[in-house]
Amino acid sequence: MRSASEIARDVREGASSAQREVEIALGAIRERNDELNVFLYVDESGARAAAQRVDDAIARGDEVGPLAGVPVALKDNLCQRGIPTTCASRILEGWRPPYSATVVDRLLDAGAIPMGKTNMDEFAMGSSTETSAFGPTRNPLDPTRVPGGSSGGSAAAVAANMTPLALGSDTGGSIRQPAALCGIVGVKPTYGLVSRYGLIAFASSLDQIGPLTRTVADAALLLEVIAGHDPRDSTSLPEPAPALRGHVEDGVAGRRIGVVRELIDGADADVVASVDRAVEVLRAAGAEVVPFSIPELRLGLSAYYLIAPAEASSNLARFDGVRYGLRVDGDDVAAMNEATRTAGFGAEVKRRIMLGTYALSAGYYDAYYGQALKVRTQMIEAFRRAYREVDLLVGATTPTVAFPFGSKTANPMSMYLSDVFTIPTNLAGEAAISVPFGVGENGLAVGVQLLGPGRSEATLLAAGRVLELAEGRS
Ligand code: GLN
């Protein structure tokens with residue numbers, strides 16, 4: 001399959017057309033969507049109309065963007081005007097947003113073609129897509145296993161060659177973890193680099209939108225298109241999108257990279273072996289690689305499971321049966337709210353709302369939420385100290401390869417542990433990339449994670465490219 005930049009070039013030069021690219025994507029979706037449950041909604045007519053507009057613009061000789069005619073899959077927590085958006089929850093069934101997310105507008109301005117909405121864990125709470133109200137997505141590499149989550153549908157769309165590009169959101173690992181489990185590239189950008197306007201909030205201080213792609217160069221291209229200041233998101237960084245594409249081949253010569261013990265310990269032996277081999281590749285490419293330890297990282301999971309549910313309990317209060325989607329009637333307003341939320345939310349979402357409400361309640365606020373915020377500050381300071389000594393950090397993205405359906409659903413803690421290596425980056429508001437590197441159990445994909453300080457995306461992509469090249473991929 002061609003890369004996004006190759007498709008855009010073919011479309012611009014007349015070797016292909018946006019309409020042809022859309023039909024290729026629709027064909028691939030038709031072929032496997034029933035089996036894999038990747039898309040919750042396929043916008044055939046919207047995609048064809050958008051493709052027609054791109055082809056017309058080219059015929060007129062107008063300037064078209066860097067993603068001209070490139071199909072993109074959108075996680076179903078990203079609003080696109082008039083297109084059903086459910087967050088894989090019954091509570092939003094039937095809701096069509098009256099506006100589009102900034103990232104969707106930027107994709108359209110760049111000539112990209114949104115193909116539809118992908119399956120996910122309900123409200124992005126989960127690591128396997130098994131909490132989706134509409135059934136799990138299957139991993140294209142092995143349909144008996146999960147694709148990871150919560151952006152499992154977006155990762156599977158790319159891994160199954162349905163679309164070359166997808167967008168996901170990462171609150172605690174939801175881009176990097178499914179990317180690792182599906183054998184593709186995923187980037188969690190610096191907090192504020194990509195506008196969250198039109199992303200349905202899970203935990204607002206942690207959520208970031210980012211790319212899921214087959215290649216590092218495509219991730220750079222997609223991130224450049226969606227990044228940059230947006231006045232409609234008050235947490236958006238003030239500057240325009242950074243130059244990323246031009247840095248993909250920069251390499252790692254002269255970079256100092258720390259191999260973080262806490263981002264490896266506890267991982268399966270085959271995952272550890274992949275990280276070890278990645279370290280050798282980075283060293284051979286001229287990086288100075290040093291062993292490193294950041295003990296604070298071990299506190300990340302506990303702090304996350306107080307902060308994220310606390311924010312979620314507040315953010316999800318808006319789903320009350322009045323303003324959006326589902327309503328189940330009751331004798332009075334309170335009974336209607338309760339009946340709607342009882343019927344509309346799944347078990348994991350209810351668990352998070354209860355955890356979060358408890359953590360914020362009078363008498364417990366200081367002991368739980370306040371304490372978690374202190375841990376978060378310690379984490380930020382620990383990373384800051386680390387980045388005075390090294391440019392980047394490296395470790396595993398996930399402790400295991402893709403796991404079988406049902407293997408972690410009985411014990412929420414075992415599911416939460418899937419994100420033990422990815423969560424610290426979100427708490428610190430920093431950047432990280434997962435690159436497929438090596439294979440583990442049953443020949444399944446392993447992801448190696450590179451982490452960097454805020455605004456280090458260009459360096460991270462360049463380091464990811466070194467690993468990609470060593471694997472002989474494109
Ligand atoms: N798996 C983590 C959770 O369940 C992270 C989810 C995410 O990044 N959206 O909260």
Positions within the range 57-85 being under 17 Å from residue 196 (Cα atoms) and either acidic (Asp, Glu) or open to solvent by 10 Å² or more (accessible area, probe 1.4 Å) (or both), in sequence order | 76, 80, 81
What number of residues within the range 267-292 are among the small types (Gly, Ala, Ser) and exposed (fewer than 14 other Cβ atoms within 10 Å of the Cβ)?
-> 3
Test: residue 404 is within 16 Å of the ligand (Cβ to nearest atom) and in contact (Cβ under 8 Å) with a residue 24 or more places away in the chain | no
Hey, does the range 437-450 have a residue that's acidic (Asp, Glu), more than 16 Å from the ligand (Cβ to nearest atom) and closer than 20 Å to residue 271 by Cα?
-> yes
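Looking at 123, 134, which is the one that is of a type in the set (Phe, Trp, Tyr) and within 16 Å of the ligand (Cβ to nearest atom)?
On inspection, the qualifying residue turns out to be 123.
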Unmet criterion (only one of (1) within 16 Å of the ligand (Cβ to nearest atom); (2) touching a helix residue (DSSP H, G or I) at 6+ places or on another chain (Cβ under 7 Å)) for residue 199 = (2)
Within the range 313-325, is there a residue that is assigned to a loop (DSSP other than H, G, I, E, B), open to solvent by less than 70 Å² (accessible area, probe 1.4 Å), in contact (Cβ under 8 Å) with a residue 24 or more places away in the chain and in contact with a Ser or Thr (Cβ under 9 Å, 6 or more places away or on another chain)?
-> yes
Given the structure, is residue 104 open to solvent by less than 10 Å² (accessible area, probe 1.4 Å), within 13 Å of the ligand (Cβ to nearest atom) and more than 14 Å from the chain's Cα centre (by Cα)?
-> no
Qualifying residues in the range 337-378 (those that are more than 16 Å from the ligand (Cβ to nearest atom) and open to solvent by less than 20 Å² (accessible area, probe 1.4 Å)) - the one nearest to residue 423 (Cα to Cα) = 370
Under the condition of being part of a loop (DSSP other than H, G, I, E, B) and away from the ligand (no atom under 14 Å from the Cβ), which residue from the range 407-428 is surrounded by the most Cβ atoms within 10 Å (Cβ to Cβ)?
-> 407
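Return the residues of the range 142-188 that are of a type in the set (S, T, N, Q) and within 16 Å of the ligand (Cβ to nearest atom); say none if nothing qualifies.
Quick first cut of the range 142-188, residues of a type in the set (S, T, N, Q) only: 144, 150-151, 154, 161, 163, 169, 171, 174, 177.
Passing the criteria: 150, 151, 154, 169, 171, 174, 177.
The values are calculated or read from the model by the stated rules, or taken from the named source; none is laboratory data. It should be emphasised that the depicted structure is a prediction, and the values quoted were computed from it without experimental measurement. Reconstructed Cβ throughout: ideal geometry from the backbone, glycine too, with neighbour counts over all protein chains shown. The accessibility values were calculated without ligands, DNA or RNA, using every heavy atom of the protein model including side chains. Shrake-Rupley method; radii C 1.70, N 1.55, O 1.52, S 1.80 Å.
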